[in-house]
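Here's the structure, in structure tokens; my notes come after.
The values are calculated or read from the model by the stated rules, or taken from the named source; none is laboratory data. Keep in mind that this is a model prediction, so the values were computed, not measured. FYI the Cβ positions are ideal-geometry reconstructions off the backbone, even for glycines, and counts take in every protein chain you see. Each accessible area value is taken on the protein alone, full model and side chains, heavy atoms only, with ligands, DNA and RNA left out. Shrake-Rupley method; radii C 1.70, N 1.55, O 1.52, S 1.80 Å.
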Amino acid sequence: MAFKPLHDRVLVRRVQSDEKTKGGLIIPDTAKEKPAEGEIISVGEGARKDSGELIAPAVKAGDRVLFGKWSGTEVTVDGEELLIMKESDILGILS
């Protein structure tokens, strides 16, 4: 990919949500909520302290993460819809 986020930002691909409920009902696209789970595609080099020292990011490419419902900015990179967000918008890493 030809895009690398700057500073403490990360590039995230949303994970596709299930199209059926546990009971077997099919959920139409218009009723689906956007998933708050994604995969880290690319990570910036990290934030800087006031002293100029680099703070390494806690996430890395390939991590599955949870983020807030309204987190990030939607962008299209290489024809794919992705999110750019600050590392602080990420709620946690899924193992």
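The table below gives the values:
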quantity	calculated
Spans of strands (runs of 3 or more DSSP E) in region 31-95 with at least 2 residues open to solvent by 80 Å² or more (accessible area, probe 1.4 Å), of a type outside the set (Gly, Ala, Ser) and more than 14 Å from Val15 (Cα to Cα)	73-77
Test set (1) over 18 Å from Lys4 (Cβ atoms); (2) modelled with pLDDT of 90 or more - Ala36 fails condition number	(2)
